[in-house]
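The values are calculated or read from the model by the stated rules, or taken from the named source; none is laboratory data. These figures come from a predicted structure and were not determined experimentally. In this analysis, Cβ positions are derived from the backbone assuming ideal geometry, glycine residues included, and neighbour counts consider all displayed protein chains. Just so you know, the surface numbers come from the protein's heavy atoms only, side chains and all, with ligands and any DNA or RNA stripped out. Shrake-Rupley method; radii C 1.70, N 1.55, O 1.52, S 1.80 Å.
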Amino acid sequence: MRWSLLLIAVSLASCISFSRNEPLPEDRFGHRLEGTTDDGRTTIAINPPVADVEYRYFPASYESISVRPGPSRTAGDAAADAGVQVEILVKGAFPDACSELHDVSQQRSGRFLDITLQMRRPVGSVCAAVLRPYRFYLTLEGTYPPGAYTLTLNGRTTPFEIKEN
């Protein structure tokens, strides 16, 4: 009898915890992991290139992106009408020991965003062919009122939605 009550209590507790609509920490706006994380990815930033080094540039390879809308503002707040900030978390892997992120550019036309993320690699360098997993955080320019959007990163499209309060 005791075991069956314990089993029921555990089952109910797991149902309650899964019924919340709270996003995972990785999907929350502003959540940042620094250094190398449990998933083996290193959090990186874009650093300027070394002077007097010739580079080859190419689109950054990536595996996934997470679109992370900022917190909603309360109705009646003048800033609420302007929308919320949005950031993305890009997860990928560098193809070798020498490649690194070079630049990111953003263009927005209404509800369409086009983002280009570039890598660079020194010309003529001998690099170990080893995958180096990374994570890159990017805050999108501007604010986003409620509605459906289409984000294209290096030719791959990801739809997302900003919901009303």
| Among LEU131, TYR149, LEU117 - extreme Cα towards positive end, dipole of the range 111-165, charges at beta-carbon | LEU131
| Sites LEU33 and ALA93, calculated FRET efficiency, Cβ-Cβ separation with R0 22 Å, nearest 0.05 | 0.85
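How much space per residue, in cubic angstrom, does the convex hull of the C-alpha atoms of the range 94-165 take up? List each step's numbers first, then the result.
Details: hull volume 7.6 nm³, N = 72.
Expressed per residue, the convex hull around the Cα atoms of the range 94-165 is 106 Å³.
At 0.36 nm per residue, minus the direct Cα-Cα distance, what do GLU141 and THR157 gain on full extension? Give it in nm, one decimal, please.
Details: separation 16, 0.36 × 16 = 5.76 nm, distance 1.79 nm.
Contour length minus Cα-Cα distance gives 4.0 nm.
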| Just how much of TYR57 is accessible, in Å², when a 1.4 Å probe is used and the result is rounded to the nearest 10? | 100
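Suppose the chain between ALA45 and TYR57 were pulled fully straight at 0.36 nm per residue; how much longer would it get relative to their current alpha carbon spacing? Numbers along the way, then the final one.
Working: separation 12, 0.36 × 12 = 4.32 nm, distance 1.68 nm.
Result for the pair: 2.6 nm of gain on full extension.
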| field | Neighbourhood net charge (15 Å Cβ-Cβ; Lys/Arg +1, Asp/Glu -1) for ALA128 | value | 0
| query | Which percent of the accessible heavy-atom area of the range 48-154 goes to carbon and sulfur, probe 1.4 angstrom? | reply | 54
